[in-house]
1. Filter the chymotrypsin sites (Phe, Trp or Tyr not before Pro) in the range 22-111 to those in DSSP coil with at most 14 other Cβ atoms within 10 Å of their Cβ, and list the result.
2. Each residue of the range 18-23 in turn: what ³J(HN,Hα) in whole Hz from Karplus with 6.51, -1.76, 1.60 and θ = phi - 60°, glycine and Pro shown as x?
3. Long-range amide H contacts for G105: which residues qualify at under 5 Å (H placed 1.01 Å from N, peptide plane, sequence gap of 5 or more or a different chain)?
4. Taking the alpha-carbon distance from K109 and a cut-off under 14 Å, which aspartates and glutamates remain once sequence neighbours fewer than 8 residues away in the same chain are dropped?
5. Mind listing the long-range amide H neighbours of E29? Cut-off is under 5 Å, sequence gap 5 or more, other chains count too, H placed in the peptide plane at 1.01 Å from N.
6. Does the range 159-225 classify as rounded, prolate or oblate by the C-alpha gyration tensor (a ≥ b ≥ c root eigenvalues; a/c under 1.5 gives rounded; else a/b over b/c gives prolate, otherwise oblate)?
7. Just to check I understand the Karplus step: with θ = phi - 60° and J = 6.51 cos²θ - 1.76 cosθ + 1.60, what whole-Hz values come out for the range 48-63, glycine and proline as x?
8. Only Cα pairs under 8 Å and at least 6 apart count here; give the relative contact order of the range 1-131 as a rounded whole percent.
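Values in this text are rule-based calculations from the coordinates and carry no lab data. Since we're looking at a predicted model, the values are computed, not measured. Quick reminder, even Gly has a Cβ in these numbers, built from the backbone with ideal geometry, and neighbours come from all protein chains shown.
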Amino acid sequence: MTIKVLVVDDQAMVRAGFAALLAAQPDMEVVGEADDGERGVELSHRHSPDVVLMDVRMPVLNGIEATRRLLAPPAHVTHVPRVLMLTTFDIDDYVYEALRAGASGFLLKDALPADLIAGVRVVAGGQALLAPTVTRRLIEHFSRTAAPPVTKPPRLDALTDREREVLVHVARGLSNTEIADALFIAEQTVKSHVSRILGKLGVRDRVQAVVAAYETGLVSSGGSS
């Protein structure tokens, strides 16, 4: 299956470089390029890409607002793409807000070409692109800025004790292998738990589960509740 990609970046040379790299892949098609978020939203509605490669900082409409519009479209728009954010810094202050808005992950602009290609494929396949080390840094950022958690978050009521335990480890930035080792269970069992957690919380991927764990108060900078 061909992955349709839309590239949105205000730097012409960067945008052209990404587009050329992705268009050269046998399983990808670049369906459009835009130099600001507003134009990116317009082209996404027109061409229905599988993945939007979105810069964070742009004129007219920045990547965060554009992501919000793409992932919460008006009623007449039925297509919702996956959004992969691009940033110059690995913990850019805007990145957390982009993930909170529903982006499936982010890449540094100076990432290796192979990482960009792999990242687009990962996101197109429905997975989140957020390595454990990046998750930990995201958590540190969130711990400094998050509002106080609510008491007994209703979104967590459907989780079993084991699923809560797994979610705590996910939110702490552990990989499936590390969680399996910590809980003395098989890695496939961890994957099954994570899948059920996503379904019960109504979130699309691991990134959104991490955000939910902190926003509901299951996990805080000092420990789990």
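1. F89
2. Each residue's phi maps through the Karplus curve to give 5, 4, 5, 4, 6, 5 Hz.
3. Excluding prolines and chain starts, which carry no amide H, the hits are M85, L129.
4. Here the aspartates and glutamates satisfying the reach criterion relative to K109 are D9, D10, D55, D90, D92.
5. Here the answer is I3, K4, V5, since their amide H atoms fall under 5 Å of that of E29.
6. Oblate shape, in that a/c is at least 1.5 and b/c is the bigger or equal ratio.
7. Using θ = phi - 60°, the values come out as 6, x, 6, 10, 10, 8, 10, 6, 7, 9, 8, x, 6, 9, 6, x Hz.
8. 21 percent
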